[in-house]
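> Take a look at this one; I'll ask things after.
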Amino acid sequence: MSNSNQLVVPQASAALDQLKYEVAQELGIAFPQDGYGGNLLTKDAGYIGGNITRRLVQIAEQSLAGK
């Protein structure tokens with residue numbers, strides 16, 4: 001997977017990939033395990049990305065709240 005985004009914490013790459021697959025599965029979107037999303041509909045990719053963002057914000061809020 002080629003991505004121009006650079007992670008602030010490079011060690012988080014595997015966890016973010018896992019989150020992508022989990023969210024896609026929860027949404028019922030088939031995301032190929034080889035990581036190539038070129039055949040994914042733009043709508044589906046956006047839906048996955050939006051849900052990942054929501055989940056990351058939720059995790060950050062919980063962390064800030066000390067939970």
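Please treat every number below as a calculation from the coordinates, not as lab data. All values reported here derive from a predicted model rather than from experimental measurement. In this analysis, Cβ positions are derived from the backbone assuming ideal geometry, glycine residues included, and neighbour counts consider all displayed protein chains.
> In nm², what is the average projected area of the convex hull enclosing the Cα atoms of the chain?
Hull-based average projected area comes out at 5.2 nm².
> Ok, one more. Could you tally the net charge around L19, taking each other residue with its Cβ under 15 Å from the Cβ of L19, Lys/Arg +1 and Asp/Glu -1?
Result for the local shell: 0.
> Follow-up. If you build a Gaussian network model of the chain, linking Cα atoms that sit under 10 Å apart, which residue out of Y36, Y21, Y47 swings the most?
Largest GNM mean-square fluctuation: Y36.
> Roughly how tilted is helix 13-26, in degrees to the nearest 10 and between 0 and 90, from the longest Cα axis of the chain?
70 degrees
> Further, regarding this structure: Over the chain, what is the mean sequence separation of C-alpha contacts under 8 Å (at least six apart), divided by residue count, expressed as relative contact order in percent?
With pairs under 8 Å counted, the relative contact order is 29 percent.
> On to the next question. Can you tell me the dipole magnitude for the chain around its Cα centre, using point charges on the Cβ only (Lys, Arg +1; Asp, Glu -1), in Debye to the nearest 20?
180 debye
> Among Y21, A65, V8, whose Cα projects farthest towards the positive end of the dipole of the chain, with charges put on the beta-carbon of Lys, Arg (+1) and Asp, Glu (-1)?
A65
> Using a Förster distance of 25 angstrom, determine the FRET efficiency expected from the C-beta separation of Q11 and Q33, and round it to 0.05.
Result of the calculation: an efficiency of 0.70.
> Still on this structure, please answer the following. Mind pulling the angle between the C-alpha long axis of helix 42-64 and the longest principal axis of the chain? Nearest 10 degrees, somewhere in 0 to 90.
For 42-64 against the chain, the angle is about 10 degrees.
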